[in-house]
Amino acid sequence: MTESAVQPALWPAPLATGAVEATVTVPGSKSVTNRALVLAALAAEPGWLRRPLRSRDTLLMSAALQAMGVGIEETVSSSTAGGSADEAVGGAGEAWRVIPSGLNGPATVDVGNAGTVMRFLPPVAALADGPIRFDGDPRSYERPLNGVIDALRTLGARIDDDGRGSLPMTVHGGGALEGGPVRIDASSSSQFVSALLLSAPRFNQGVEVRHVGGRLPSMPHIRMTVDMLRAVGAQVDEPQTGGEPDVWRVSHSALLGRDLTIEPDLSNAQPFLAAALVTGGRVTIPDWPERTTQPGDALREIFTEMGGSCELTTTPNGTALVFTGSGRIHGIDVDLGEVGELTPGIAAVAALADSPSTLRGVAHLRLHETDRLAALTKEINELGGDVTETEDGLHIRPRPLHGGVFRTYDDHRMATAGSVIGLAVEGVQIENVATTAKTLPDFPRMWAEMLEA
């Protein structure tokens, strides 16, 4: 875990004075937005992204693609105009028009600490004509990238990383990539698989990705990648459609430009749903999709088991999720291997429950924005909790909590987890709440408006 040299200001997490009753409009999905940007950049014709997320991670992706020659014309509301990748100010953009062109270097890509940028773009850079240098935040140097680097070398790319298997590095694009079969161990991140699949239609031979390691985490994100590839005309064979286990094949083909409306980010809905659970209130999330590959959809089942109830309702503008807390929070024993990004928020709720919880299948979280298992253990325990790390997760025994500083380690999901605890525990102060701008711009305002409603 790495803390900033300059200590950010502390944000007093608001204490709930009663049951929350609010409707919260959640901005677009980061995972969908960044996949859509890559696919649109590789398409044979222009495309549109409607209601994309405008946050640090997506602005970094957009800036990187533009540095390589892709045209992105942005139409945003007045409240979001003027934001930069570093500032990540503003909310959801209205529409981005992506105009593909020849990918060119030299260029420099700032990945920040965005896993999708650092992993999805090296295969794109291998298709560019010229060198593309990748660099980022200090934590990005510690996050595994060897799965993508080794795979691209097998497929014909030339990459300089001084043998680290991580950033910083330079991809020497040759204007094309041969592609073909490749074996990778993606047990530390499903993004290794998605990274290769997204660019595969542009490889001369397509790609056959064979995962050969331990348990593959976050399978919903791979299904998201496959669905989005098919939506733009790619041919994909996958295990779920009769293919070999842990093998994905994508054929060489042209990609279509599409007009895509981005779903709300269901994982970013988590703290607001948790607020209903913690306070015994009711929160409505508009535009919740009836069918989705987003991991956040699992919250309906998980938070119901922890004491709430939910209903998908039909409104004149589409479907909405209405989640209601019962006033009691129950512990849970759950395997979160496919939905690991939900772990911080679930841990926060579990720390306030009436019985112990065991969260399993998430050893890979030690390699995320921070070591999330160590961070959650330390920060909840410093508020009086009783959390222990296991080999692949956390065991949480609820204890009376007290106020104190909840450190975030520049991790957006740590910040929202601490805010959930702060609803029920007076005096919780969140260090660097601004880190939520990574995927959820203006979270403090949204949180305050939910409580005021």
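Which one is surrounded by the fewest Cβ atoms within 10 Å (Cβ to Cβ) among residues in region 278-314 that are of a type in the set (S, T, N, Q) and out of contact with any strand residue (DSSP E or B) (no Cβ under 7 Å at 6 or more places or on another chain)? Here the answer is T314. Restricting attention to region 149-169 and to residues that are in a strand (DSSP E or B) and in contact with a helix residue (DSSP H, G or I) (Cβ under 9 Å, 6 or more places away or on another chain), the residue that is surrounded by the fewest Cβ atoms within 10 Å (Cβ to Cβ) turns out to be R158. Candidates in region 211-230 are the residues that are assigned to a loop (DSSP other than H, G, I, E, B) and touching a Ser or Thr at 6+ places or on another chain (Cβ under 7 Å); of these, the one that is nearest to L256 (Cα to Cα) is S218.
The rows are residues; the columns are (1) over 19 Å from V278 (Cβ atoms); (2) in contact with a helix residue (DSSP H, G or I) (Cβ under 8 Å, 6 or more places away or on another chain); (3) surrounded by 23 or more Cβ atoms within 10 Å (Cβ to Cβ); (4) not basic (K, R).
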position: A350; (1), (2), (3), (4): no, no, yes, yes
position: D371; (1), (2), (3), (4): yes, yes, no, yes
position: I380; (1), (2), (3), (4): no, yes, yes, yes
position: D386; (1), (2), (3), (4): no, no, no, yes
position: E389; (1), (2), (3), (4): yes, yes, no, yes
position: D392; (1), (2), (3), (4): yes, yes, no, yes
position: R397; (1), (2), (3), (4): no, no, no, no
position: G404; (1), (2), (3), (4): no, yes, no, yes
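Do any residues in region 412-432 that are more than 21 Å from R328 (Cα to Cα) have Cβ atoms under 6 Å from those of residues that are modelled with pLDDT under 95 and among the charged types (D, E, K, R), where the two are at least six apart or on different chains, and which pairs are they? Cβ pairs passing all conditions: H412/K438. Looking at T370, T314, just one residue is more than 25 Å from the chain's Cα centre (by Cα), not assigned by TED's automatic domain parsing to the domain that holds S190 and not in a helix (DSSP H, G or I), and that residue is T314.
Filtering region 106-137 to residues that are touching a residue at least 40 places away in the same chain (Cβ under 8 Å), farther than 13 Å from H172 by Cβ and assigned to a loop (DSSP other than H, G, I, E, B) leaves V111, G112, N113, A114, D137.
Only one of H172, H221 is surrounded by fewer than 23 Cβ atoms within 10 Å (Cβ to Cβ) and either out of contact with any Pro (no Cβ under 8 Å at 6 or more places or on another chain) or in contact (Cβ under 8 Å) with a residue 40 or more places away in the chain (or both). Can you tell me which?
Answer to the selection: H172.
Of all residues in region 297-322, those that are free of Cβ contacts under 8 Å to residues at least 40 places away in the same chain have Cβ atoms under 6 Å from Cβ atoms of residues that are among the small types (G, A, S) and crowded, with 20+ Cβ neighbours inside 10 Å, 6 or more apart or on another chain, in G308/G325. Exactly one residue out of L49, L65 is under 22 Å from A125 (Cβ atoms), part of a strand (DSSP E or B) and either at pLDDT 85 or above or not hydrophobic (A, V, I, L, M, F, W, C) (or both), and it is L49.
At positive phi and surrounded by 16 or more Cβ atoms within 10 Å (Cβ to Cβ), is that true of D265? Criteria not met by D265. Just to check your reading of the model, which residue among T293, T304, T284 is in the same structural domain as V322 (by TED's automatic domain parsing), closer than 26 Å to V433 by Cβ and of a type in the set (S, T, Y)? That would be T284, the only listed residue that is in the same structural domain as V322 (by TED's automatic domain parsing), closer than 26 Å to V433 by Cβ and of a type in the set (S, T, Y). Between S194, S140, S188, the distinction of being within 22 Å of V339 (Cβ to Cβ), of a type outside the set (D, E, K, R) and assigned to a helix (DSSP H, G or I) belongs to S194 only.
The values are calculated or read from the model by the stated rules, or taken from the named source; none is laboratory data. In this text the structure is predicted, and so the values were computed from the model without any measurement. Positions of Cβ are generated from backbone atoms using ideal geometry, with glycine treated the same way; all protein chains shown enter the neighbour counts.
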